[in-house]
Amino acid sequence: MMHSRDLQKLEGVLSPSHLEEMEFARSLRQSKVSVKICQYSYDLLIQYLHKTQSITMLGIVNERINFQVSPGQPSSISDDADVFTLVGSGHDAADLVNQKEIHWGLLEDSLEERLEKAGDRITDSDKADGEVKDGDLEENKKRSADGGKGGSTQKKLKKDKVVATTGKASRSESSTTSGAPRVKPELTLPIIPTEVEHSILEDLRNRVQLSSMTLPSISFYTFINTHNGLNCASISHDGSLVAGGFSDSSLKVWDMAKLGQQTGNTPSQGENELAPNENILNANAKGRSYTLFRGHSGPVYSTTFSPYGDFLLSSSSDSTIRLWSTKLNANLVCYKGHNYPVWDVQFSPVGHYFASASHDRTARIWSMDRIQPLRIMAGHLSDVDCVQWHANCNYVATGSSDRTVRLWDVQSGECVRIFIGHRSMILCLAMSPDGRYMASGDEDGKIMMWDLASGRCVSPLVGHSSCVWSLSFSCEGSLLASGSADSTVKIWDVTKSLKVSKTEENKNGKTNRLRSLKTLPTKSTPVYALQFSRRNLLFAAGALTKIA
Amino acid sequence: MSIVPKETIEVIAQSIGITNLSPDVLPAIASDVEYRVREIMQEAIKCMRHSRRTTLTAVDVDSALGLRNVEPVYGFASGDPLRFKRAAGHKDLFYIEDKDVEFKEVIEAPLPKAPLDTEVVAHWLAIEGVQPAIPENPPPEVLAVPSDNGKTAYKEDGIPVDIKLPVKHVLSRELQLYFEKITELTVSRSDSALFKEALVSLATDSGIHPLVPYFTFFVADEVSRNLNKFSLLFALMRLVWSLLQNPHIHIEPYLHQLMPSVMTCLVAKRLGNKFSDNHWDLRNFTANLVASICKRFGHVYHNLQPRVTRTLLHAFLDPSKALPQHYGAIQGLATLGPNVVRLLVLPNLDPYLRLLEPEMQLEKQKNEVKRHEAWLVYGALMLACACMIV
């Protein structure tokens, strides 16, 4: 808080004689406190005090406060070194909230874990791994927020040693994810159909390992001829489908895999192949290469694909959320609950559940099979702009125009963390795959990395010159990609090596700090959406804009 | 209070017919109006951010008014920016000009073209972290040249010809490998299927523009040194042909380096060193190449064709030159078109035939090879004249 130390000093004043003796109190009584304020705010303040006849307050203000009134626009607080940002309830309340316990580990029995276990059984040291994993499961339940960090360090060290001895390449990638503790899911999770499971396991096996040495390949989907109508874009998890929400209330989905095949098929066509090709051509007889979904009655502000690509959700300014099926090309459900435009909607990582963020200052959690929301998360002081699920689906993070990011517990609906530090509206959120960190981007171009356990900012990432529209972590959590309105994609190195001891940290401080690895400019195309596929190929989407 | 003066409120009130406002009401209304305007603007900024834009438009203000349950403001929907005109006599006063438009004109005006439908195009922004030099990506060294919207395909906004700033030329690893592979294939294995693939790639690839100066130098260098290696020459000429076919690269600036080597292959005294080398084919091919160059770049470089014809004519009319040279010259002139043949070959046909005839006859010319050459030259002449008649 701003003047906590001063207030602590004043707590010691218990009698009038103390006032005479204490240096600080005497100086306060003799001089006036100076407050910088702009003309408009000052006029508002004086007017209010006069209107409410607060004579005492006026007396205090006149006696004790020296207003430094500056004409013109209010200047930014950040320029003033003496002032801290005070948001809403203030830092005290935030600290109180941040003491609560959260379990930020990953879901047990996830596909990644099953893959590791399958790999482990092949090697000799599976017993040791089993012990390590059991230990994780037992410990995390009793672990408090701070203890979690310490405990996992040891587990990670043990795990790394095991990895080194076996020397299996496929397990070195899971150095962050397998070290994370496992938690039970709070929601009933849907069952994954077996073919989908197999294809996901196949993807996991073929995943490219990314690090600060091996940068990703980026496939960019450019929307052309949008006439400033594209409001949002979203890419499915395998990169084959891209959806665009437009201000004319339409939702258009392109199947990029099919488009790519069509151009490949036309040169060589055998006699037998003519029939299926004809069908494809007939389907697009109207000449459209996309599927048009009409149903909303206001601009579509957000779209999201289900993890397995078969459903699509869209939210709009008509305060409804609609569920579309990509296989049937039809609208299935319309969810009505908000009364104001729904700014963002996100599917949970396991599908079936989704969260929405709206102008009415609440975020809601829904299930695909109920038209009423399951939970309403109220607490923000201004409208909620973006929402994101935690990797273990037990927590939901929301970013708002009141410049805070909050983490909510799905089961109880209460806020468990408040992250203060941004200086403008928060536009996007991303969760690291190991469940430990969260990244948020705001409209100034600043990205903050938050440690979920402690509620503190690990590091601000500065580099973008304009709004950060989208963030995405790579699948093993070592790289963060950010897309911005300044038409660039930046790749950041966010690996924190826990093996480095304190002394080494002081020597080569540079190696530990989060830094920008690469900036990739596009041709006047602000980047609206980013998505790392399960194989660690980065997909990006944006609309080609005229340079004004 | 600070922005909206009370005179404005008075004027607005008068414009809707209320003239009897008391003076202390005005500041109150002014401050309230300002507060409302600020509120609407903040909502409008939120709408703008969620539409993923950074410029505020009238649509955003309308959505903000809709959020507050206020009727939107009509009349600002056009896409053009508003044009303000300065009021006569006042320094600071501007107004929006309302043009009177004839109803008839508006009704009878032709319909504007329908806007193009939205499409999605995919390309690689980076491959393993490195940005490839394809037309969809911004050029690596962007000089301070304003390029208009690259909405349609590739435009030559990378390295404009007339800017003479020294550009540091850094070739990517892939381009270097590509160049080395192609040159190696040309030199050693020019009759393999791989070389044919390489030629196809040269004719269609869009990213090889940085390599063009290297290729032209390579061709010029190899031609000047290896006039006796027939297969190499043929491969080089095929390479030049492929480069010319490529629609994505601009080869005009390098023509002055390519032309000498091409002309050499056409009218050199001796191409190849074995009798079995079919240099006639090479000359035919090169003649076609020259013709295509002239046809394509003739109107851009006005003195290209005259220079070519002058060279060919010199080769044709010089009696001291060997017969194959004459053959090459005639072929070149013939492929340039019937006009050229009529103007240049026909007048000189008579004296030339007088020179050629003895070579063709068995009695005067004992050398079999020379007689063969003479007959070939004769055949070429016949063809040239025939195409002119047709």
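The values are calculated or read from the model by the stated rules, or taken from the named source; none is laboratory data. From a predicted model like this one, the values you see are computed outputs, not experimental measurements. Counting neighbours? That spans all protein chains shown, and the Cβs are built from the backbone with ideal geometry, glycine included. Ligands, DNA and RNA are excluded from the accessible area calculation, which covers all protein heavy atoms including side chains. Shrake-Rupley method; radii C 1.70, N 1.55, O 1.52, S 1.80 Å.
Quick rundown of the values:
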quantity	calculated
The stretch A:387-446: chymotrypsin sites (Phe, Trp or Tyr not before Pro) in DSSP coil with no more than 10 other Cβ atoms inside 10 Å	none
Phi-based couplings in Hz for the stretch A:534-544 (Karplus 6.51, -1.76, 1.60; Gly and Pro marked x)	5, 9, 6, 9, 8, 9, 9, 9, x, 9, 6
Given charges at Cβ of Lys, Arg, Asp, Glu: the stretch B:15-130 dipole, positive-most of B:Val120, B:Val70, B:Ser31	B:Ser31
Length-normalised contact order for chain B - Cα pairs under 8 Å, 6+ apart - percent	8 percent
Förster-model FRET efficiency, 60 Å R0, B:Asp92 and A:Leu332, C-beta, rounded to 0.05	0.55
Amide hydrogen neighbours beyond the local backbone of A:Ser70, cut-off 5 Å, H modeled	A:Ile37, A:Cys38, A:Gln39
Most mobile listed residue (B:Leu56, B:Leu344, B:Leu239) in chain B, GNM with C-alpha springs under 10 Å	B:Leu56
With Cα atoms, 0 to 90° folded angle of helix B:304-317 axis to chain B main axis	0 degrees
Between 0 and 90°, nearest 10: helix B:349-360 axis offset from chain B longest Cα axis	50 degrees
Shape category assigned to the stretch A:398-449 from the gyration tensor of Cα positions, a/c cut at 1.5	oblate
Prolate/oblate/rounded call for the stretch B:27-126, Cα gyration tensor, a/c under 1.5 rounded	oblate
Between helix B:368-389 and chain B: long-axis angle, C-alpha atoms, 0 to 90°, nearest 10	40 degrees
Average partner coverage of A:253-259, which counts Cβ from other chains inside 10 Å	2
Fluctuation leader among B:Asp221, B:Asp98, B:Asp205 - chain B, Gaussian network, Cα springs under 10 angstrom	B:Asp98
Heavy-atom accessible surface that B and A bury in contact, both chains counted, 1.4 Å, Å² to 100	4400 Å²
Spin-label model distance (nm) - B:Val70 vs A:Arg535, 7 Å beyond Cα toward Cβ	5.3 nm
HN-Hα J in Hz across the stretch B:5-19 - Karplus 6.51, -1.76, 1.60, θ = phi - 60°, x for Gly and Pro	x, 6, 5, 4, 4, 4, 4, 5, 4, 4, 5, 9, x, 8, 10
Estimated FRET transfer efficiency when R0 is 45 angstrom, pair A:Leu49-A:Ser15 (beta carbons, to 0.05)	0.90
Label-point separation, A:Lys32 to B:Thr54 (7 Å along Cα→Cβ), nm	4.2 nm
Ranked packing of A:364-370, A:66-72, A:454-460, most packed first, by mean Cβ within 10 Å	A:364-370, A:454-460, A:66-72
Global geometry of the stretch B:74-125, whether rounded, prolate or oblate, following the gyration tensor of its Cα atoms and the 1.5 cut on a/c	oblate
Sequence-distant residues sharing a close amide H with B:Ala126 (under 5 Å, placed H)	A:Ile218
A:Asn231 long-range amide H proximity, modeled H, under 5 Å	A:Gly245, A:Phe246, A:Ser247
Phi to ³J(HN,Hα) by Karplus 6.51 cos²θ - 1.76 cosθ + 1.60 over the stretch B:83-89, Hz, x for Gly, Pro	9, 9, 10, 6, 6, 5, x
